[in-house]
Amino acid sequence: MKKQPFVVAHSVNKDTRKAMDEVLQALDESVQFALLYVDEHYDADRIVSEMNRRFPHLAWLGCTTSGEITSNGLQEEGIALMACTDSALQVKVAYAANVKNHPEEAAKLLAKQLKDPRFDDLPHHAVIVHTPGFTVQESGWEHKLFPQLQKLLGADVHLVGGSAGDNLKFLGSRVLSSKGAQEDGAVAIRIGGQRKMASTVCHGYKPTTKTATVTRSKKNEVIELDGKPASRRFAELVGVPEKDMLTGVSLVKMGGFLPKKLTALGQKFGMTPKRMIKELPFYKYSVQYPFGRKIEGSDQYSTYFAKLIQDSGTIEFYGEMPEGTKLTLMERDDALFLSAESKALKTNQEKLGGKSVANLIVECAGRKILLEDKIEEVFQQATKVSNAPTIGFYAHGEQGSFEEGPVTCNNYSVMVLSFGK
């Protein structure tokens, strides 16, 4: 019987060494590359040292998570690993520091490392990138890194990514590679060969007939929409009083300025991001009605979620929102939202012309919060589409392409990279 080229191992042992012993049983000298996703409570430095000690020449990368995805479904507070033994694949890992302050320079450095003559004549390519996830205090680097990286690598490369998580605290996460565990680094792996690859992003939001134009902004802060204070116009589009939008925002704003230790203390007393998303009116409206932009040459819309609203009515987004940007109000469709993962898997298999043999799933931590007890249904639907070895994690940002078109940076979405025969 032909050996399965992709193997997934996972552990929920709370001890770092014991958990690593369990997952590393899946690795042997035939492994070409590995993906590793870990809960933030583990000793990340020890994980790196164990990987480097046992497999000093292995191409691997990973990050911390807000939950791990395995072939068996959702895993909480554990370690998940996928190992690939396909010797026909070419792989290379890249690393760049200081991604938060200089994302475009980080993209250039990653691209320089990832360009290699070994890939020149190979028909299929994928690049997986992991960066730190956004926090209460800071965000936005992915929106500059990925367009630059796609420009440098070319449109024929499946460029996908997931921003690291920290168990839904949004205070700080880490990316992992043989270079170490870093809070301000970006890691990437290029995979090339004869094996087919496909990637897709899906969300579950449909466009409405309501639109708005950014008429005044400063970087990622939208001050006015259609010549009106942003919060007022957003409230009009949603159909609620503006005062409802502003209820409780002072607490959120305070978290954005407090030191991380004080923010963490507040979370211990109940002011958690999960609670805010579910209970504060502004977040309830923004996750039900995000903005969207139609992707050129496609019927698909990328979505833009508000991160924070100021008492002044300014709305802060995760990436820059230039003046003149045309926006469409989107609305969540519960059935589509539930089936986004299985839809992405199905789309990939249509592209591959057959069943996938392995999948990487990067799913938004916000989806995990909103779906709650329906998570199991999500995996049941996905398993009916593909029962191939699967790994992934709940992320603080998902990057990829909507069937066709440029790479976009998303939230409340699912990105799936699938490997074919």
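Please treat every number below as a calculation from the coordinates, not as lab data. Predicted, not measured: the structure shown is a model, and the values here were computed from it. Glycine gets a Cβ as well: all are built from the backbone with ideal geometry, and neighbour counts include every protein chain shown.
Odds and ends about this structure:
- Gain on full extension, evaluated as 0.36 nm per residue between S312 and K326 minus their Cα-Cα distance, stands at 2.8 nm.
- Of K421, K368, K115, the sequence from fewest to most neighbouring Cβ atoms within 10 angstrom is K421, K115, K368.
- Highest to lowest packing among 62-68, 288-294, scored as the average C-beta count within 10 Å: 62-68, 288-294
- Each residue of the stretch 17-24 was assigned a 3J(HN,Hα) from its phi angle through the Karplus curve 6.51 cos²θ - 1.76 cosθ + 1.60 (θ = phi - 60°); the sequence is 5, 5, 5, 5, 4, 5, 6, 6 Hz, with glycine and proline shown as x.
- Gyration tensor verdict on the stretch 74-179 (Cα atoms; rounded if a/c is under 1.5, prolate if a/b is larger than b/c, oblate otherwise): oblate
- Straight-line cross-link partners of K219 among the aspartates and glutamates, defined as a Cα under 20 Å from its Cα and at least 8 positions apart when in the same chain: E104, E105, E138, E142, D311, E316, E320, E323.
- Diffusion constant of the stretch 146-199 at 4 °C, which comes from Stokes-Einstein with the Kirkwood Cα-pair radius and 1.567 mPa s, µm²/s: 96
- Loop-located GluC sites (Glu not before Pro) in the stretch 14-52, at most 12 other Cβ atoms within 10 Å (DSSP): E29
- Helical runs assigned H by DSSP (4 residues or longer) give the chain a calculated mean residue ellipticity at 222 nm of -8500 deg cm²/dmol, each run adding -39500 (n - 2.57) before division by the residue total.
- Whole-Hz Karplus values for the stretch 220-232 come out as 9, 9, 8, 8, 9, 10, 6, x, 10, x, 4, 5, 5 Hz, taken residue by residue from phi with 6.51 cos²θ - 1.76 cosθ + 1.60 and θ = phi - 60°; glycine and proline positions read x.
- For the chain, DSSP calls about 80 percent of its internal beta bridges antiparallel.
- Length-normalised contact order for the stretch 287-331 - Cα pairs under 8 Å, 6+ apart - percent: 44
- A88-E296 FRET efficiency (beta carbon distance; Förster radius 45 Å; 0.05 resolution): 0.80
- Rounded to the nearest 10 degrees, the angle from helix 375-385 to the longest Cα principal axis of the chain is 50 degrees.
- Choice from Q399, Q137, Q75 with maximal GNM fluctuation in the chain (Cα, 10 Å cutoff): Q137
- Stretching D156 away from K115 to a fully extended chain increases their span by 13.4 nm, per 0.36 nm per residue minus the current alpha-carbon distance.
- A full extension of the chain between D45 and E138 corresponds to an added length of 31.1 nm, given 0.36 nm per residue minus the alpha carbon distance.
- The stretch 52-123 and the stretch 302-369 have Cα centres spaced 23 Å apart.
- For the options M51, M330, M197, a Gaussian network treatment of the chain with springs between C-alpha atoms closer than 10 Å singles out M51 as fluctuating the most.
- This model, with +1 at the C-beta of Lys and Arg and -1 at the C-beta of Asp and Glu, gives the stretch 20-169 a dipole about its Cα centre of some 680 debye.
- The Rg/Rh ratio of the chain, with both radii computed over alpha carbons and Rh defined as the Kirkwood radius, is 0.96.
- Sites K243 and N13, calculated FRET efficiency, Cβ-Cβ separation with R0 51 Å, nearest 0.05: 0.55
- Within the stretch 17-60, backbone nitrogen closer than 20 Å to the virtual label 7 Å beyond the Cα of K3 toward Cβ: 22-36, 54-60
- Approximate spin-label separation D333-K278, in nm, with each point projected 7 Å along Cα-to-Cβ: 2.7
- Anisotropy class of the stretch 272-391 from Cα gyration tensor, a/c 1.5 cut: oblate
- For G227, net neighbour charge (Lys/Arg +1, Asp/Glu -1) across residues whose Cβ lies under 13 Å away: 0
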